[in-house]
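Beneath this line is the structure, given in structure tokens, with notes to follow.
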Amino acid sequence: MRSKNFIIIGVAGFVAVRHLRAIHELNHTLIAAMDPNDSVGVIDSYFPSAYFFTEIERLDRYIEKVKAQGVVIDYFVICSPNHLHDAHIRFGLKHGADVICEKPLVLNPWNVESLQNLEKETDKKVYNILQMRLHPEIQKIKNYIQQYSNENKGKLILSYVAPRGHWYHASWKGDRSKSGGIVTNIGVHMFDLLLSLFGPPESISVYVNNHSRAVGSLKFESVNVEWFLSIEDDLVIEDLPNKNNSIRCLQIEDEVFSFSNTFADLHKESYEAILIGSGFSISDALPAIEIVHSINSISELDVLNQSTHPLAKLPQKDHPFS
């Protein structure tokens, strides 16, 4: 396999380094990167010869120049803010490259069909990073949940606590119109995991959904799931591992499956699959996009006042900039 050429849009974000590392470790080449923020010295650790642009128009001009010189651009990598993913995916496809996009693929389900149409027009593919599906705990969970039948549904608790400081609310991540809120920005991986394990849900309930916490339940054919998402930095969760640290786990009865270990180390495996054409597609990503959109579409008036999940009842923080 020849060395592939990559371009990253959104290289100043924290997740971009995982892509830089994967591209580097697999012996491929980053030829250019773009980000409005010029704090991108991390590139030097991986691809010091890569060109860098703070404006997409100048990146566009550079691409046309190198393509005229016979340079093949194999992949665009999209790590930009969530609300720009759709536009940047289109940018990559129209330049004749396959596209690798961070989660969430898009914010709205209705954006998906037009991207699929553009795939067909350009004969190129869009891949979404869904690394939770590659986690080594997945097979353990699949083996464990086989004991539950439709007549005797298991109860599962999904907890995802990723503490964030006040910067989070001041950034685009704190703007629901740009990030989709914590249900989308923090939770989409975990909802994708549930859907890959149990299929489509029969019903959705939401008890809390605000700037720092979201709580609800999903009823599947074979299991009932209570889910809890939070970015609160001083939350103490009893009976779960890694108190006061990032927690990504599923609890079935007394069995806890943790995803915190190796969570950040699965991009290389994701790239290996993509490079042989077996990465996760738009169709794979769509169900989780539909779920988070449905959750966020439930109005405050319709959100239930009390949850059976005890973490929904904990005191909640005010928005730091309210």
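The values are calculated or read from the model by the stated rules, or taken from the named source; none is laboratory data. Just so we're clear, the structure is a prediction, and the values are computed from it rather than from any experiment. As a convention, Cβ positions derive from the backbone with ideal geometry for all residues, glycine included, and neighbour counts pool all protein chains shown.
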Inter-residue pairs, beta-carbon under 7 Å, first over 11 Å from Val11 (Cα atoms) and in the same structural domain as Ser80 (by TED's automatic domain parsing) and in region 30-47, second surrounded by fewer than 21 Cβ atoms within 10 Å (Cβ to Cβ) and of a type in the set (D, E, K, R), 6+ apart: Tyr46/Arg21
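Scan region 302-313 and tell me whether some residue there is of a type in the set (Asp, Glu) and modelled with pLDDT of 95 or more.
First, pick out the residues of region 302-313 that are of a type in the set (Asp, Glu): 302.
If we keep only those that are modelled with pLDDT of 95 or more as well, we get none.
Scanning region 302-313 turns up no residue that is of a type in the set (Asp, Glu) and modelled with pLDDT of 95 or more.
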Having 2 or more residues that are more than 23 Å from Thr122 (Cβ to Cβ) is the bar; report the strands (runs of 3 or more DSSP E) wholly within region 13-88 that clear it. 51-53
